[in-house]
Amino acid sequence: MSNVRQELFDISLNHLREQGEPSYDGVPSACAYRSEKGLQCAAAPFILEYSSDMEGSAWDDLVGNSDLVSRLDPRAVNESELVQRFQEIHDKSAEDSEVVEEWSHGDRSYKADKRRFMELVEYRFRALAEETDDVEYTQA
């Protein structure tokens, strides 16, 4: 028997491992399902048909939107709370890894420290696995 929650966990974590950095536009605290650079957040692998009107909405909001829910992976819809946690891990890790990249004419430019971001992602996915009985964290 397949463990859907484990599958979703592995898909999201492995997606972030392969990408190696957060998906955001402007500043790391402004996470995006799909960024201008083509990066994707932890919930994005479960979006079957992306549209820009999804941006700015939490996963639970997408699931609760009758116009958008059909564009989402049904397995992830059924495990909405878990996918919401993946999104929170991504977003919080991006925010917590934010650094000032440079100063130019008094303006700040922000970026995420990619190494720090991935350390936080790994730590938080491991902690999530420890909280649940049906998913296991596997070291990269």
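The values are calculated or read from the model by the stated rules, or taken from the named source; none is laboratory data. All of these numbers come straight from a predicted model, not from anything done at the bench. Every residue, glycine among them, receives a Cβ derived from its backbone with ideal geometry; neighbour counts consider all protein chains shown.
For every residue, the table says whether it meets (1) surrounded by 13 or more Cβ atoms within 10 Å (Cβ to Cβ); (2) in contact with a strand residue (DSSP E or B) (Cβ under 8 Å, 6 or more places away or on another chain).
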{"residue": "5", "(1), (2)": "yes, no"}
{"residue": "20", "(1), (2)": "no, no"}
{"residue": "25", "(1), (2)": "yes, no"}
{"residue": "32", "(1), (2)": "yes, yes"}
{"residue": "71", "(1), (2)": "yes, yes"}
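Just one of the numbered conditions (1) within 18 Å of residue 110 (Cα to Cα); (2) in contact with a Leu (Cβ under 7 Å, 6 or more places away or on another chain) is not true of residue 71: (1). Taking region 16-50 as the search range and keeping residues that are among the aromatic types (Phe, Trp, Tyr) and part of a loop (DSSP other than H, G, I, E, B), which one is nearest to residue 116 (Cα to Cα)? This residue is 33.
Residue check: residue 106 meets all listed conditions (1) at pLDDT below 95; (2) closer than 21 Å to residue 121 by Cβ but one, namely (2).
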